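Values in this text are rule-based calculations from the coordinates and carry no lab data. Since this is a predicted model, take the numbers as computed values, not measurements. Cβ: placed from backbone, ideal geometry, glycine included. Neighbour counts: every protein chain shown.
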Amino acid sequence: MTRRFVRGLSVARPARTNPPTEPARTTMSMAHVTPEAHAVLERACRDCHSNDTRWPWYSNVAPISWFVIDHVNHGRRHFNYSDWAQYDRDQAPRLIKNICEMTRKGEMPIASYTWLHPKARLMDRDIVALCEWTDGLLREALNH
């Protein structure tokens, strides 16, 4: 491939966005998040499930950029803790339950992300922190 062609691919990449976050709409402001769960969310979930993505250098290089940007957009569509207020009373409990279930099954974070971001790999204590937090939120929701 010529440099001009590769440069052209990189210019044609989809937009990397970090939409503005309204603090009052975040999970952290609308639900109690334990310090342990918050630390895991920031380390292992933030880049794909919030509006505060830290875009790595390779997200500027096509075709890798297309893959990365698609994963971030997909992650935000499924669960975005920067805009927790968008979820209704039926969606929120399902999403909360999925956090625990998907991390417990090893489905999240996805392998391609942890391969490039080894600090995002979840240890047993991280999964316990997330599941204790989500279980507490679900119990609280049932009591209201």
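Okay, here's what the table says:
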{"read-out": "Within the chain, helix-based [θ] at 222 nm, where runs of 4 or more DSSP H residues each add -39,500 (n - 2.57), nearest 500", "value": "-15500 deg cm²/dmol"}
{"read-out": "Histogram of C-alpha separations across region 3-142, 5 Å bin width, %", "value": "2, 10, 19, 22, 18, 13, 8, 4, 3, 1, 0, 0"}
{"read-out": "For region 3-142: relative contact order, % (alpha-carbon pairs under 8 angstrom, 6 or more apart)", "value": "31"}
{"read-out": "Karplus (6.51, -1.76, 1.60) ³J(HN,Hα), θ = phi - 60°, over region 57-64, in Hz, Gly and Pro reported as x", "value": "4, 6, 6, 9, 10, 7, x, 4"}
{"read-out": "The chain: Cys lacking any partner C-beta under 4.7 angstrom", "value": "Cys45, Cys48"}
{"read-out": "Crossing angle, helix 91-104 versus the chain [Cα axis fit, 0-90 degrees, rounded to tens]", "value": "70"}
{"read-out": "In degrees, nearest ten, helix 124-142 long axis to first principal axis of the chain (Cα)", "value": "50"}
